[in-house]
1. Out of the residues in segment 34-51 that are open to solvent by less than 100 Å² (accessible area, probe 1.4 Å) and modelled with pLDDT under 85, state the one that is farthest from Gln78 (Cα to Cα).
2. Go through segment 5-20 and give me each residue that's open to solvent by less than 90 Å² (accessible area, probe 1.4 Å) and either modelled with pLDDT under 60 or more than 16 Å from Gln75 (Cα to Cα) (or both).
Amino acid sequence: MKLRKSEEPLPGRVMVLILLSVSGMKAETVRYSVPEEAKRRSFVANVAKDLGLTGEELSIRQARLVSDGEKQYLQLNQHTGDLVVREQMDREELCGQSEPCL
C-alpha cells in the first residue's frame with residue numbers, strides 16, 4: 001500500500017500534520033494523508049528525507065512525535081526517519097463527520 005504526501009485529504013483518509021522545530025533551524029510543517037484502514041507498520045513516509053535531513057540528524061536532535069490525544073497512531077524511527085502506522089486509525093472516532101479530518 002503506497003501512502004502519499006499530500007496537501008488535501010481524500011475521502012476515507014486522515015490528514016496528519018507534523019511540525020518540526022529544531023534548534024538552529026526554522027520550524028517546518030509536513031502533511032501526510034493516511035488511509036484510515038492502513039494496517040499497523042504500514043509505511044507513511046520518510047520524514048528525514050522530506051525535511052532534507054538524514055536519519056542521523058533526526059537522532060542527534062532527538063526527534064519525537066507528540067500526540068494531542070491518548071493514542072499514539074504513528075511511530076517515528078529516529079535512526080532512519082521512517083514514519084509508520086503504530087495503531088490503525090478510525091476516521092469517525094477521530095473526526096466524526098467533519099471534513100477534512102485532521
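The values are calculated or read from the model by the stated rules, or taken from the named source; none is laboratory data. All values derive from a computational prediction rather than experimental measurement. Protein only, heavy atoms only, side chains kept; ligands, DNA and RNA dropped before computing areas. Shrake-Rupley method; radii C 1.70, N 1.55, O 1.52, S 1.80 Å.
1. Ranking the qualifying residues of segment 34-51, first place goes to Glu36.
2. If the condition is that a residue be open to solvent by less than 90 Å² (accessible area, probe 1.4 Å) and either modelled with pLDDT under 60 or more than 16 Å from Gln75 (Cα to Cα) (or both), then Ser6, Pro9, Leu10, Gly12, Arg13 are the ones that fit.
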